[in-house]
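Beneath this line is the structure, given in C-alpha cells, with notes to follow.
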Amino acid sequence: MTVKEIFDTMEYGPAPESAADALAWLVDQGSSFGHFINGDFTKATDSFDSKNPATGETLAKLSQAGQSDVDAAVKAARAAQGKWGALPGHSRARYLYAIARLIQKHSRLFAVLETLDNGKPIRESRDIDIPQVQRHFYYHAGMAQLMDAELPDREALGVCGQIVPWNFPLLMLAWKIAPAIAMGNTVVLKPAEYTSLTALLFADICRQAGLPKGVVNIVTGDGAVGEMIVNHKDIDKIAFTGSTTVGRKIREATAGSGKALTLELGGKSPYIVFDDADIDSAIEGLVDAIWFNQGQVCCAGSRLLVQEGIADAFYKKLRARMDGLRIGSPLDKCIDVGAVVDPVQLKTITDMVDANTDGQTYVADSPLPADGCFYAPTLITGLSTASKLMQEEIFGPVLCSMTFRTPSEAVEIANNTRYGLAATLWTENVNLALDIAPKLVAGVVWVNATNLFDASAGFGGVRESGFGREGGWEGLHAYTKPISATKKLTKIEAFTGDDGPTDPLDRTAKLYIGGKQARPDGGYSQNVYSSKGKLLGQAPIANRKDIRNAVEAAAGAKAWSKTTGHLRAQILYYIAENLSARAEEFAKRIDALTGKRGGEAEVQTAISRLFTYAAWADKYDGQVHGVPIRGVALAMKEPVGVIGAICPDETPLLGLISLMAPAIAMGNRVVLTASEAFPLAALDFYQVLETSDVPAGVVNILSGNHAELAQTLADHLNVDAVWSFSSSDISADIEKASAANLKRTWVNNAQARDWSGPDGEGRSFLEAATEVKNIWVPYGE
Amino acid sequence: MQATTIKTDTHQLPQAVEPRNPGMPLDLDWVSSVQANTSAIERRAKTISGRRSVKKDYQAAWLLKAISLIDLTTLSGDDTEDRVKRLCAKAMQPVRAELLETLGVPELTTGAICVYHDMIDTAVTALSGSGIPVAAVSTGFPAGLSPFHLRVEEIRQSVAAGAKEIDIVISRRHVLQGNWQALYDEMKAFREACGDAHVKAILATGELGTLRNVARASLVCMMAGADFIKTSTGKESVNATLPVSLVMIRAIRDFYDRTGYRVGYKPAGGISKAKDALVYLALIKDELGDRWLQPDLFRFGASSLLGDIERQLEHHITGKYSAGYRHAMG
C-alpha cells in the first residue's frame, strides 16, 4: 500500500519486533541444550524439539533428563545447600541483586525469547513478564538481606524441587527460585517441556552472576522428570504450579514423605460486575482478565457474572470490544492476542468449546492468521451454574458468563466452585466492594482491576486451587521452617486393667457435637483404665457417622468466622476462667489417666495457653502490602474454615487446648478427636465449653480410634484442613486422603513436640489456622 | 506556497458528511448513572502505547493524517495580523513541498486555524480559497466569566466575521456545583448563537476536579447540541491527557449508540510530540472507530506538534534525523 492509501484507510500495518538477537543467541548455544547442573551445562542429548507455536518452527533441541541427571542435580543442590544457607543474608542478597540487574540488562533478549517459545504477545513479555521477574529478584534480594534480623527463628528447608508451567515460563521460575534461594535453599527446577528456553538463558545468567555452583540446577523434560523430582528421597520441599490433576497426584506421591509442599493449581475465577460499575472499564478489564496470555492464566477471570439489569447492554459493548482485539504474530507490537502454546492445548480448548451446547456463543469478528496455534476470543453467554463450561477450567481465550440478581447471589454463584484462586469485582460503591471481597472464596481479590501481581503481595489459592503463597512475607513460610530439634514420637498405648471403678457412681462421658452431648452412633464404648488398672470410666467410640454429624455442625457454625476478634477473645478468656474453677478436678483426672503427677502443671499451662490465644484473637493482624500502584493490597488473615484435628495423646487436656484455642481464636470451627489413650479429660472438658458461651458447632469433640477417625476426616470433602499430632503413625494416610479436595494438612510425621514449652504455642499455630487473602484496591478519583 | 487546487470552504466541516447533532432533552438519569473509575481508566490509558504501534510507511501516513487533523492555533495576547498570516501560510503548506511530493500527498493542509475573535478577519482573508476553515475561541475564553449576554454576543460577532467553527468555554462552576440544568441551558444558548457555525465545547477538564465530572459534563454538552467536545483551553495547568480523552470519547461513543449522532473530539494543549499524536490516533481508532479519524470528527488543538511531525517525516524519507531549522516555522 502507498502512503496515500494508508492515509485513507488508516490501517495499523505490521510492527514486528526483531527476533534476530534471540535467534542468534540460540545459534550461539548450538541450538541444542543440556541440563544446568552444578554450574555447568551437561552434554545435550537432543531428545525433543522446542517449537515456536506461532509458526511451528523448531527453535532448539532439548534434553530429556533421566534419573541420573535428576540425581546429579539433587546431589549438587544438596552439596551446595549447607554453605549457601549458612551465608549471611547480605551475601545472598548480593547474588539476588546481581541476578535482578542482569535480567534487566538482557530484558529484551528474555522477552523476545519468551515470546518465540511461548507465543504470548511481545507486549506482555516485554511489559509484564520480564519486569515482574526483575521485580521478584529485587524484592527477594531484600528478603535475603532482612532474613537474619526479621526471621531469626526460621531456617531454610534444604533442597527444593520446583516444577513450573508453560504459561509464564520465566515469571513462574522467578516466583519459585527467588524466595527459595533468598532463604538459603538450593533448587532443582524443571521448566515445562514446551517452554524451557528462558530457563536455560536464566541458567546462563546465574553463571554470569557468579552464583555458587549447585545453588540453582535446571533439568528439562516432560512429566516423567517432574515425577522423578517429586519422588526423590533427598528433596525437602516440592513447589508446583500447574493443573489440579497433577497437583493432586503430587500430594498423593509426597504423602508421608515429610516433604514440604506448596501447590498453585487451576482456577475458574469469577469476574463480577455490579450495576453501578464503570462499565467501559469493566469491559477493558476483561481484556486483561481472559484475553491476556490467550486466557492461559490460572487466575484468569473466566467466569463473568453480570448483574441482570445491565447484562444486555454489557454484552453488547463487550462484543464490540472483542471485535477490536487484534490477533496475530506474537512478535508484532500491535496485537492483543498471540498464539496458544501448543497444538495439544489448542485442541483441548477447541474440543471443550465445541462440546458445549448451552448458551449463546460469540466469536470475535477479527481475522485469525492462517497458520499457527491461534484461537479467536470467544464469549459464551446465557450459561448456568450447571453448565460444564461454568465449572471447568478451559485455559484458553474463552469467557463464560451468566447473570445474578443481588450481591448475595453474586457471592453464592462466585463461590459455587471447587476452585478458589482469584476473584474480581467491579463496583463504584466502596461499601459493596469491601463487603463482598472478604466473602469471596479466593486467595486473591481484585477490586475494580484484574490480574494485578507483585512480589510484595502473596499469590495462591484455597480449595482445589492449591495451598501456599508466593510473594510477600507470607510467601516466605513456603521456603523456611522453624529452627527446632526433632525427636521421634512413639505410640502411646492406653492402660489396660480389670479392676472395678474407683467410684461406683457412674458418669457417662459422651461425644460433644453441635453443642450437645451425643451418644456414639455405633453404640460402642471402650473402658478407660488408670496406670494401676483401675477402671476410670468409659469413652464413646465415634464412627464415620459421628464425624459426619460433627462436620455438619461445624460447617453450620459459620457465623463464628464472622464474629469479632474481641468476642472470640472474651469467650477464650471465659473458657480459661471456667477451667480454672475446676483446675483441681482436671489435674486429678489427668494424673489418673496418665499415671503421672503432671496434672496440675498441665492444667495451669492449658489456662495460660487459652490466655495466649485470647490475646492473639484480636491481634494477629493482616498487613497492607506496599504494592507499586496507587492503591493497597490488603493481606487479610482469614480462618481456614472447618479444621479436623487429631489431638496429641500424651497431654490429654493441654494437647486438645493447644489445637482448639488457636483454631477458634482465628475464627475456625473444629472437630477434635481426643487423646486416644487418655480420652476422658477431653470429654470432661466439654462441660467447661458448655458453661463458656461457645456457640454450638464451633467446637466438637469425639473420642475413638485415631487412624479410623483421621481417615474419615481427611476424606471428608467439606473439611478444609486436617491437623494431626497423634502418636499413631497416620500422617501419610492423612496427607494421601487429603488430595481428594486438596485440603491443607499439618501433620507431625511421627515427630514429638513439647506441648508444655514454647513449641506448643505461637505463630506456627496461627499461621496454620489462617489463610492470607490479598485484596487489591486501586484507588483515586 | 499556495494550495494548488481550490476546495469548497466546507470540505472539512461536519455538516458536509454527517447529520449535525441536534441535541436532545437533558436526561439527568443518564447523566447521574455515569461512572468513571480513575485507576482503571489510567491503566487503560497507560497501556495503549504498548498495545499499538505503527511503523515505517504506516507511521508516515498516520503522521500525515495527524497534520490534517490539527487546528493550528495561536491564542496569545501578543498576536498580530502578520503573525496570524504567517500561521495561515503554514496551515496551507504544513510540510515542505518536496517532502509531501515524495510521500504522495501534495495537497495536505491542517484541519483549521484557531484564533481569537480579533484575528478572524485576517485569517479568513489569508486562507481564502484554501478550504481551510477558521475557528475562533469565544465566550470570554479562557475563563468564560464575562457577562453571559456578552459571551453570546461574542459568538454572533465571530460567526459574522467569518468563523466557521466556534470553540466555546463552559462555566466550570456549573459542573463543580452539579448544576447540570444550568450547563445544559448555557450550552444550548451557545449552540443557538452559533447558527450554522460548528460549536466545540471546551470543558476545561483540568478544572473539573474528577473524571466523573468530565464524563457528565461531556454528556450534558452533547445533549445540548455540541458538535465537538474539547478538553482544554490550553491555559489550564493540566490540559489534554489520555485518561481524560478516554473518558470523553467513551461518552461520545455512548451518545452515538443512544442517539445515532456522531460528535467530534478535540484534545487540546500538551500534545507536542509526533509519538503522542500516534497514541491519540490509536486510542480514537480502537475506542471510536475509523470514522472518527477524519477532520470533521477529530482535531488536535496544537501549536508545536506540527514541527515535531515535520522532523519525523523527513527522517522517514531520508533515514537521517532532522533539525528544526530545516522546516518553515509557523
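The values are calculated or read from the model by the stated rules, or taken from the named source; none is laboratory data. Just so we're clear, the structure is a prediction, and the values are computed from it rather than from any experiment. Cβ placement follows ideal geometry from the backbone for every residue including glycine, while neighbour counts extend to all protein chains displayed. Please note that ligands, DNA and RNA were not included when accessible areas were found on the heavy atoms of the full protein model with its side chains. Shrake-Rupley method; radii C 1.70, N 1.55, O 1.52, S 1.80 Å.
Observations, loosely collected:
Residues checked against (1) free of Cβ contacts under 8 Å to residues at least 12 places away in the same chain; (2) not in a helix (DSSP H, G or I):
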position: A:LEU572; (1), (2): no, no
position: A:GLU585; (1), (2): no, no
position: A:ASP591; (1), (2): yes, no
position: A:ARG609; (1), (2): no, no
position: A:ASP621; (1), (2): no, yes
position: A:LEU634; (1), (2): no, yes
position: A:ILE664; (1), (2): no, no
position: A:LEU672; (1), (2): no, yes
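- Some residue of segment A:14-24 being away from chain B (no Cβ under 14 Å), touching a residue at least 40 places away in the same chain (Cβ under 8 Å), part of a loop (DSSP other than H, G, I, E, B) and polar (S, T, N, Q): no
- Residue check, A:ALA80 touching a strand residue (DSSP E or B) at 6+ places or on another chain (Cβ under 8 Å), assigned to a helix (DSSP H, G or I) and open to solvent by 10 Å² or more (accessible area, probe 1.4 Å): yes
- Top-ranked residue of segment A:758-769 - restricted to ones that are open to solvent by less than 20 Å² (accessible area, probe 1.4 Å) and either in contact with an Asp or Glu (Cβ under 7 Å, 6 or more places away or on another chain) or modelled with pLDDT of 95 or more (or both), ranked as farthest from A:ASN431 (Cα to Cα): A:GLY760
- Any hit, segment A:367-384, residues being charged (D, E, K, R), surrounded by fewer than 22 Cβ atoms within 10 Å (Cβ to Cβ) and outside any loop (DSSP other than H, G, I, E, B): no
- Within segment A:108-135, residues that are under 16 Å from A:ARG326 (Cβ atoms) and away from chain B (no Cβ under 14 Å) sit with their Cβ atoms under 6 Å from residues that are buried (at least 24 other Cβ atoms within 10 Å of the Cβ) and at pLDDT 95 or above, at 6+ positions apart or across chains, in these pairs: A:GLY119/A:PRO53; A:GLY119/A:ALA54; A:GLY119/A:PRO330; A:GLY119/A:GLY338; A:GLY119/A:ALA339; A:GLY119/A:VAL341.
- Condition check for A:ASP618: open to solvent by 20 Å² or more (accessible area, probe 1.4 Å), charged (D, E, K, R) and over 24 Å from the mean Cα position of the chain (by Cα): yes
- Qualifying residue in segment A:550-564 (condition: among the basic types (Lys, Arg) and under 30 Å from A:SER608 (Cα atoms)): yes
- Residue ID - surrounded by the most Cβ atoms within 10 Å (Cβ to Cβ), chosen from residues in segment A:25-43 that are assigned to a strand (DSSP E or B) and not polar (S, T, N, Q): A:ILE37
- Residues located in segment B:163-192, provided they are free of Cβ contacts under 8 Å to residues at least 60 places away in the same chain, closer than 22 Å to B:GLY301 by Cα and open to solvent by 20 Å² or more (accessible area, probe 1.4 Å): B:ARG172
- Flag for A:GLY30 being on the phi > 0 side of the Ramachandran plot and within 14 Å of chain B (Cβ to nearest Cβ): no
- Flag for A:ALA311 being under 30 Å from A:LEU434 (Cα atoms) and buried (at least 16 other Cβ atoms within 10 Å of the Cβ): yes
- Scan of segment A:283-339 for residues that are within 10 Å of another protein chain (Cβ to nearest Cβ), closer than 25 Å to B:GLN35 by Cα, in a loop (DSSP other than H, G, I, E, B) and hydrophobic (A, V, I, L, M, F, W, C), ordered by number: A:LEU325
- The sole residue among B:SER130, B:SER76, B:SER49 that is open to solvent by less than 10 Å² (accessible area, probe 1.4 Å) and polar (S, T, N, Q) is B:SER130.
- Filtered by the rule that a residue be within 24 Å of the chain's Cα centre (by Cα), among the hydrophobic types (A, V, I, L, M, F, W, C) and either open to solvent by 50 Å² or more (accessible area, probe 1.4 Å) or more than 20 Å from A:VAL719 (Cα to Cα) (or both), segment A:411-432 gives A:VAL411, A:ILE413, A:ALA422, A:ALA423, A:LEU425.
- Restricting segment B:220-275 to residues that are assigned to a helix (DSSP H, G or I) and either farther than 23 Å from A:SER281 by Cβ or among the β-branched types (Val, Ile, Thr) (or both), the residue that is farthest from the other protein chains (Cβ to nearest Cβ) is B:VAL220.
- Number of residues in segment B:195-214 that are part of a helix (DSSP H, G or I) and buried (at least 24 other Cβ atoms within 10 Å of the Cβ): the value is 3.
- Meeting the requirement of 2 or more residues that are among the charged types (D, E, K, R) and at negative phi, the strands (runs of 3 or more DSSP E) wholly within segment A:687-780 are A:770-778.
- For A:LEU683, the stated conditions hold: it is assigned to a helix (DSSP H, G or I) and open to solvent by less than 20 Å² (accessible area, probe 1.4 Å).
- Scanning segment B:247-275 for residues that are touching a Lys or Arg at 6+ places or on another chain (Cβ under 6 Å) and within 17 Å of B:ARG291 (Cα to Cα) gives B:TYR256, B:LYS266.
- Verdict on A:THR42 being of a type in the set (Val, Ile, Thr), within 14 Å of another protein chain (Cβ to nearest Cβ) and in contact with a helix residue (DSSP H, G or I) (Cβ under 9 Å, 6 or more places away or on another chain): no
- Checking each residue in segment B:299-330 for being open to solvent by 60 Å² or more (accessible area, probe 1.4 Å) and under 19 Å from B:VAL115 (Cα atoms) picks out B:SER303, B:SER304, B:MET329.
- Of the helices (runs of 4 or more DSSP H) that lie entirely inside segment A:123-212, those containing 1 or more residues that are under 22 Å from the mean Cα position of the chain (by Cα) span A:130-150, A:169-182.
- Tallying residues that are among the hydroxyl-bearing types (Ser, Thr, Tyr) and closer than 30 Å to A:ALA178 by Cβ within segment A:471-513 yields 4.
- All conditions but one from (1) open to solvent by 20 Å² or more (accessible area, probe 1.4 Å); (2) more than 27 Å from A:THR427 (Cα to Cα); (3) under 25 Å from the mean Cα position of the chain (by Cα) apply to A:GLU264; the one that does not is (1).
- Search result, residues across segment A:629-674 that are surrounded by fewer than 24 Cβ atoms within 10 Å (Cβ to Cβ), under 23 Å from the mean Cα position of the chain (by Cα) and within 14 Å of another protein chain (Cβ to nearest Cβ): A:VAL632
- Subset of segment B:52-73 (residues that are open to solvent by 30 Å² or more (accessible area, probe 1.4 Å) and more than 7 Å from chain A (Cβ to nearest Cβ)): B:LYS56, B:GLN59
- Among the residues listed as A:VAL3, A:VAL70, A:VAL74, the single one being within 14 Å of another protein chain (Cβ to nearest Cβ), at pLDDT 95 or above and crowded, with 18+ Cβ neighbours inside 10 Å: A:VAL3
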